[in-house]
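Trainee: I have a structure here, written as structure tokens, and I will follow up with some questions on it.
Readers should treat all values here as calculations from the given coordinates under stated rules, not as data from a laboratory. Fair warning: this is a prediction, and the values are worked out from it, not measured in the lab. Cβ atoms come from the backbone with ideal geometry, glycine included; neighbour counts cover every protein chain shown.
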Amino acid sequence: MKINKTFLSVLGLFAGLSMYAQQEVNRPKLVVGIVVDQMRWDYLYRYQDRYSKGGFNRMMNEGFSNENTYIPYVPTVTAIGHSSIYTGSVPAIHGIAGNDFIIQATGQEMYCTQDDSVTGVGTAGKAGKMSPKNLLVSTVTDQLKLATNFRSKVYGVSLKDRGGILPAGHFADAAFWFDGETGNWITSSYYMNELPKWLENFNGQKLAEKYLDKWNTLYPINTYVQSEKDGNPYRENYKGATKMQFPYDLKSLKKDNGIGLIRNTPFGNSLTKDIAIAIIDNEKLGQNEKGITDFLAVSFSSTDYVGHQFSPNTIETEDTYLRLDKDLETLFNHLDKKVGKGEYVVFLTADHGGAHNPKYFQDKRGNAGYFPTGEVKKGLNAKLTEEFKIGDLVRSLSNYQVHLNYQAIEQNNLNEEAVKDAIVKYMRKVDGVSFVSDMDKIDQTPIPAIIKERMVNGYNRKRSGAINYILEPQWYGGKLNAGGTTHGTWGSYDAHIPFVLMGWGIKHGANNNPVHMTDIAPTISALLHIEEPNGNIGKPVTEVIQ
């Protein structure tokens, strides 16, 4: 029997295609990276009995939680956190040495995502002059782009420019952030020359103004037993407010605070959820051909604004997390419908935590304090002037570092080592300072190894101060008895963060072994079968992967 040659050719073609299909890389359709700004690890459990089944608890019940995830550097601030999560690296390598840092060679102050070579898109203001150019290494989102020959789509979004730009990396299709002057979502010419039509329509809905109506508690106020009573003194007031108690008349407060007020309410997170869903729908994320994964990096920033203003242990903070839980449930349900349950993977973490308010801690009979940064700098410069006869030898004490005025030192032929020794000697006597070290002599300084390692990891010679100081636990830079809180130290309240994964390829369970923030990017890289970021120092947490 003769067999038709055409038939054999077609049969061979199908066999070849079948073999090719079997060799496709198995990946999820979409990765959603969620950073909850200033979320302490213990918030997973502090309010767990009040969370819904579909938000935080869904991640815990269906996914995998790394219970002991720590930040391996200081200072613990937003820009560094977002950079380290997505690069698997630390400031010593990736170069983002703070939200703001100083170029040591020139003394120029630099904002983390500042880029004066680009222009704003969707805004005429300075808020749009941003890009990832100050980030010196690649991100896991960059590596995904490279691995798929740029067929993957990558977007970043956050109320904060740095929260959207740094995670999205250098090769992103776009990063979007909120303009507090106009209430619009904007970007820069680094990504595009004009806003997509769908985003113009989204901005046209004026959702921020609609959200700024009233803020009352989600549940009866007497059920907020995890918090201090309403009207407690450990908070900062809204501008123009006559009292600090629920319900808040946001519509009235907007007159003095502007549309940017939404950042300092839980509704900033709701607005972020809305645009995240809009990006998924309009950019068709998760709809690529098999093996080509898309990536959406979302940072919920209102938790940080609310945390700074109100501090932990307040009803405002508790209500913000309960409302965020509802927003996460809405987002996950939309992903189930649009991408398919089990077809995407979500990871949730934080860029840093937040300290208890020192006055609150003191009132409970704990040890805590406020470090008067401005006064210490003034006293330090006065001492140096007395000793070296030159003024203003210290530029700044920002980021818990001493930044030297190298130009003044060189122009006056001062001995730099003598200046640094004098600074260290002075700082060791300042109330609230636990350790201080010239970073060139860190190996010779008696500091516990874990703290020393974090100091080294956080020190970028070109962008960090030459001398680092560590405050005592529950101390931070601020005015005496000020309300609210901040972060930036090595303590567990600032450095212990959640890292929970759920969805495609993720086991159910928990891990109590030590994990670092820098392990997040290589874990996602391993899950996606892509090269880790080029500055990565972390290790994949293999226990989470099926």
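Trainee: Rank by packing, highest mean first: peptides 74-81, 512-519, 427-434, 498-505, with packing defined as the count of other Cβ atoms within 10 Å averaged across residues.
Mentor: So the peptides 74-81, 512-519, 427-434, 498-505, ranked by packing, come out 74-81, 498-505, 512-519, 427-434.
Trainee: Could you give the length gained on full extension between Asn412 and Lys229, defined as 0.36 nm per residue of separation minus the Cα-Cα distance, in nm?
Mentor: 60.2 nm
Trainee: Seen from all sides and averaged, what is the projected area of the convex hull of the Cα atoms in the stretch 370-472, in nm²?
Mentor: Projected area, direction-averaged: 6.2 nm².
Trainee: So how do 45-53, 181-189 stack up, highest first, on mean other-Cβ count within 10 Å?
Mentor: 181-189, 45-53
Trainee: What residues from the stretch 159-197 fall in the zone where the backbone N is under 18 Å from a label point 7 Å along the Cα-to-C-beta line of Thr119?
Mentor: 186-196
Trainee: Pairs to check: Lys229/Lys254; Lys53/Lys284; Lys129/Lys160. Give those whose C-alpha atoms are more than 18 Å from each other in this structure.
Mentor: Lys229/Lys254; Lys53/Lys284, as the Cα separations exceed 18 Å there.
Trainee: Report for the chain the percent antiparallel among DSSP-assigned beta bridges with both residues inside it, nearest 5.
Mentor: Percentage antiparallel, nearest 5: 50.
Trainee: Placing +1 at every Lys and Arg Cβ and -1 at every Asp and Glu Cβ, with all other atoms neutral, what dipole size does the chain have around its Cα centre, in debye to the nearest 20?
Mentor: 640 debye
Trainee: For semi-axes √(5λ) of the Cα gyration tensor in Å, the choices are [x] 57, 22, 20; [y] 62, 31, 21; [z] 41, 29, 23; which was calculated from the structure?
Mentor: [z]
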